[in-house]
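Nothing in this text is a laboratory measurement; each read-out follows from the coordinates by a stated rule. The model shown is predicted, which means the values in this text are computed figures rather than measured ones. FYI the Cβ positions are ideal-geometry reconstructions off the backbone, even for glycines, and counts take in every protein chain you see.
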Amino acid sequence: MSSTLIAVVLALVLGHYVTALARLRCFGWFTRWRGWLGRRMGTSFASPFALLAVLVPPLALVAWAQDAAAGHFHGLAGFAFALAMLVYCWGPRDLDLDVEAAEEADDAAARTLALARLSGSDRPAGEDPESLMRAVFRGARRRWFGVLFWFLLLGPFGALLYRLAERTVDHSGQAAPPPAQAAAWRHLLAILDWPVAHLMTLALAVVGHFDAVYGAWRDWHAANEGGGFDFSAGFLDAAARVSVGLALHDAEAERREDDDADDAASADAREHQPPADAPAPTPVLHASMALVWRILVAWLVVLALFVLAGYV
């Protein structure tokens, strides 16, 4: 239905312009629930199968609410619940604003803080081009596309499932589950990420350099052939690396053409460059975020086509 597309667009707009929503996306209740359940289950909580005991109650509650809200008030109740859950599971911080903050940081301390927020986990992003590219695409997968894909597939149930798995793996800190259960959480998140990464790679090929992306995807799988199937999403990093490199090359070629066409404009631009001791904007961040936006637009176009065809 078209309500799905409307909910997705509203979640995007609210996540970008109503930044105060980030404070409402609190999952401390889930950490407390895991802690309470761990104390009740004792040693059996260390089992990887305890993951089911952790997940089933909140997901069952959401599934019940999702089913109960459907059909009431001409579908408005179900739409409102789905939108609320999608907004709650989005982010939690806006990726575009975090990338912009990292680009515009005017000193080392501000840049370090911006990169830590960009990483969105206990592992801050490095400042080398490879790490910056990975941080943007990983953030896009975890903040946007993972939630979006599972919301489209399973509704609010799927969005919450993905977010709970992501929060447990990336934001556990001192509340991390026992090692065996933590491994099960990582495996679950890898399974949830795997189709998302493939669809992101496909969209990246469509909106960018198809041959280069396909070649990177093929070469990555050839290099990892024989290593066993592990739901790794490393092919997305490989595709993103070559896409960002080509985007930077194209931007540099365009800049040189503009400089050759208008020497006066080039001289004026040099006069207004920042001082040598100020950190320059990071082209990798800008190029990576531009590609992420293209992927998102491609997803929305496909979703709109499904809506028009009556499949969603």
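Here are the numbers for this structure:
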quantity: Three principal axis lengths of the range 142-263 [C-alpha, angstrom, descending]; calculated: 62, 34, 31
quantity: The range 1-92: C-alpha gyration tensor shape, a/c 1.5 cut-off, then a/b vs b/c; calculated: oblate
quantity: Whole-Å distance, taken between Cα centres, linking the range 88-110 and the range 1-55; calculated: 22
quantity: Full-stretch length increase - ASP106, ASN224 - with 0.36 nm per residue and alpha-carbon distance subtracted; calculated: 38.4 nm
quantity: Most positive-pole-ward Cα, VAL196, TRP220, ALA159, against dipole of the range 143-239 from beta carbon charges; calculated: ALA159
quantity: Cβ charges +1 (Lys, Arg) and -1 (Asp, Glu), total dipole of the range 64-214, debye; calculated: 640
quantity: The range 67-174 - Kirkwood radius from inverse mean 1/r over Cα pairs (Å); calculated: 15.2
quantity: Expected 222 nm ellipticity per residue - DSSP helices of 4 or more, -39500 (n - 2.57), all of the chain, to 500; calculated: -24500 deg cm²/dmol
quantity: Peptide ranges 90-97, 217-224 listed from the most packed, as the mean C-beta count within 10 angstrom indicates; calculated: 90-97, 217-224
quantity: Listed residues SER232, ALA251, ALA140: farthest to the positive end of the dipole of the range 2-309 (Cβ charges); calculated: SER232
quantity: Prolate/oblate/rounded call for the chain, Cα gyration tensor, a/c under 1.5 rounded; calculated: prolate
quantity: Relative contact order for the range 2-309, counting Cα pairs under 8 Å that sit 6 or more residues apart, in percent; calculated: 21
